[in-house]
Amino acid sequence: MNIEIKNIIESYLLETTSDENINPREISKEGYIEVQKTTNELHGDYYSNIAMKLSKVLKKNPVDIGEDIKKGLLGRKHPQIKNIEIKKPGFINFFIEDSKRASIVTDIIKNNNIFEKFKTKIKKNIHIEFVSANPTGPLHVGHGRGLIFGKTLSNMLRIQGHNVFTEYYVNNIGKQIDILSISVILSLIDLKRPFDDVDIYKGKYISTVANKLKLKYRDLLLIHKDSLSGNKVYESFLGSLKKDFNSYLVFRDTVIDIIINDYIKKDLEDLNVQFSNWFHESELIKDNFVYQILEKIKSKGLSYVKDGAVWFKSTKYGDDKDRVLVRANSALTYFATDIAYHSLKLDKYDHIINIWGSDHHGYVPRLTNALKGIGYDTDKMSIHLIQFANLYRDGEKMSMSTRSGEFITLKSLADEIGPDAINFFYINKKIEQHLDFEINTALSKDKDNPVYYIQYAHARIEKIIQKVSTDNLNFDDRELIDPKEQELLRLLNSYVQTIEQAMDTLQPQLITNYLYKLSQSFHSYYANVKIIGEEINYSRVSLVMAVQKILKNGLNLFDISAPEDM
RNA sequence: GGUCGCGUAGCUCAGCUGGAUAGAGCAUCUGGUUUCUAACCAGACGGUCAUAGGUUCGAAUCCUAUCGCGAUCACCA
């Protein structure tokens, strides 16, 4: 509708204006004529600021310009426009015909696939990587935000019609993984002595994993217990372990498999998250792929050798210091494999999305510059940094460190508050904002808890629908004259714009805000206006049916249930 | 110190591609169920949108500086 109005204004201006200061090409430019939904019903349904924009070029009072436009447009009889008002300092407010505004109700009820409206014209192959938590333990509440955001983004992009490929990047090599393996080994041989130079993982799951491996490895490990027990330093422990224990790598992979399958994948299943693929970092090394990329970097003159290590010249791009690609002990850094991983993705997809914790912010330019340096178009890559979420219970902040083992698993939170609440609260705030998550709010069963509030609206409507026959809905917009009905119609009319904006800017919280507002408006309506009286008012039934359908679609988008009974 | 994010009501936050009187929930106070689900509704109270400049018809929104909070500055990932 706003586009219709925009076109009406545009053609009027192009036809009538003879002022040489107005450039027709300028007027037709995308975004020059703005028509937006009003936020206040006194201002009609849509408004345009074009008069104020033109006042400068025309050197004329914007209200006068507005009056001219109003006169011109009303003289041309546009059937959908009921009235136009000019308000200071120069807004042109459009009032839409009631029947036109109310037609949204039947539009929604008849529409079998509401999301069809949001299909994109340009279909892309999109790769989206999220969670990618180190497989060193179960997912904890700190991982929840990236997880839910990633899932929701994938849902939204799929609704837009893109080919979406979701991937979990498994860091299955490196120091953290060695520490994990050693933590399990220490548990296996009951050697609970900490190292001087490194903290081991201490969570309960470590002994669970160890127990699972007991039969297979215990005897073997006991043989080496004495030779290992003399070491108090992690590096030498690992060294002798790797030398003595030639199946160390097999052991390490087994530990990771157990953690992924017994913990991480189950946690994800509970939240209805499936990945198209689990990509193991080690795959990048297998066929020397990383070394090919390193060679590429070298050939561009972007790396050099110093102190036995290979360095990337990141200072060339404004970094404080150059960064290591290959360590002096010839081990690859995460940075090196990551460049390889991203080049692989950029080769294959139209667009790649990474969802990372905000603690990676300093890393973003480094990676981007390295990729740009070897010739990739990094505009095809977008990185969403997510601020941390703090969990509170009774106003008290809860800790979440994987290493110490004193963390709350995502699973235990899901068990306590349910997946609906998890799905809602993690995306209800924009990702740049720190998130304080109070468990009591998610547990409360009243207005304090927006999830219940929205679901309750849905269930209430369901009860109404069950009481009437909806086979023959006589809808007459003239019956919807109550201000609260008009408010609901306004909201229904804005759902397309809201969801479009949320999808285009990848901001799911715009939709949850909208759903809450719609529920609020419905509850108020419900309390004040009788829908089923002596006689059934089918126009009102239709109206709330449309509301319910939008609520349900919105909730489903976030994997939140829309209960029919509460 | 450099970099990134954030400072909006007592609390938790919406709003930020510049628009008209800055909005919700909680808390506090006052009302409302013989009625389609009170897990609800109606009302009151509550604001120098951190501060100071700038940009312009118009700034919570954009720019600059300052202050405050958080994150980050590894041959960890």
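Tabulated values for the structure
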{"read-out": "Leading residue by the ranking (nearest to RNA strand B (Cβ to nearest atom)) among those in the range A:48-72 that are hydrophobic (A, V, I, L, M, F, W, C) and free of Cβ contacts under 8 Å to residues at least 60 places away in the same chain", "value": "A:M52"}
{"read-out": "Residue tally, condition open to solvent by less than 20 Å² (accessible area, probe 1.4 Å) and away from RNA strand B (no atom under 16 Å from the Cβ), over the range A:73-103", "value": "1"}
{"read-out": "Sole exception among (1) more than 11 Å from RNA strand B (Cβ to nearest atom); (2) open to solvent by 10 Å² or more (accessible area, probe 1.4 Å) for A:A421, by number", "value": "(2)"}
{"read-out": "Cβ-Cβ under 6 Å pairs, at least 6 apart or on other chains, the range A:417-434 side within 11 Å of A:T152 (Cβ to Cβ), far side among the charged types (D, E, K, R) and surrounded by 18 or more Cβ atoms within 10 Å (Cβ to Cβ)", "value": "A:N423/A:D559; A:Y426/A:R145"}
{"read-out": "Selection count where residues are within 8 Å of RNA strand B (Cβ to nearest atom) and not in a helix (DSSP H, G or I), scope the range A:463-490", "value": "0"}
{"read-out": "Strands (runs of 3 or more DSSP E) contained entirely in the range A:283-357, each with at least 3 residues that are open to solvent by 40 Å² or more (accessible area, probe 1.4 Å)", "value": "A:303-306"}
{"read-out": "Residue list for the range A:491-540, restricted to those being farther than 23 Å from A:I431 by Cβ, near RNA strand B (Cβ under 10 Å from one of its atoms), in contact with a helix residue (DSSP H, G or I) (Cβ under 8 Å, 6 or more places away or on another chain) and of a type in the set (A, V, I, L, M)", "value": "A:V529, A:I531, A:I532"}
{"read-out": "Given (1) open to solvent by 40 Å² or more (accessible area, probe 1.4 Å); (2) under 30 Å from A:D359 (Cα atoms), index of the condition A:V141 fails", "value": "(1)"}
{"read-out": "Number of the exception - A:I550 against (1) under 34 Å from the mean Cα position of the chain (by Cα); (2) closer than 17 Å to A:K447 by Cα; (3) in a helix (DSSP H, G or I)", "value": "(2)"}
{"read-out": "Test: residue in the range A:441-455 that is modelled with pLDDT of 90 or more, among the polar types (S, T, N, Q) and either within 30 Å of A:Y201 (Cα to Cα) or not in a loop (DSSP other than H, G, I, E, B) (or both)", "value": "yes"}
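The values are calculated or read from the model by the stated rules, or taken from the named source; none is laboratory data. Here the structure is a predicted model, which means the values were calculated and not measured. We place every Cβ from the backbone using ideal geometry, glycine too, and count neighbours over all the protein chains shown. All accessible areas refer to the heavy atoms of the entire protein, side chains included, with ligands and DNA or RNA removed. Shrake-Rupley method; radii C 1.70, N 1.55, O 1.52, S 1.80 Å.
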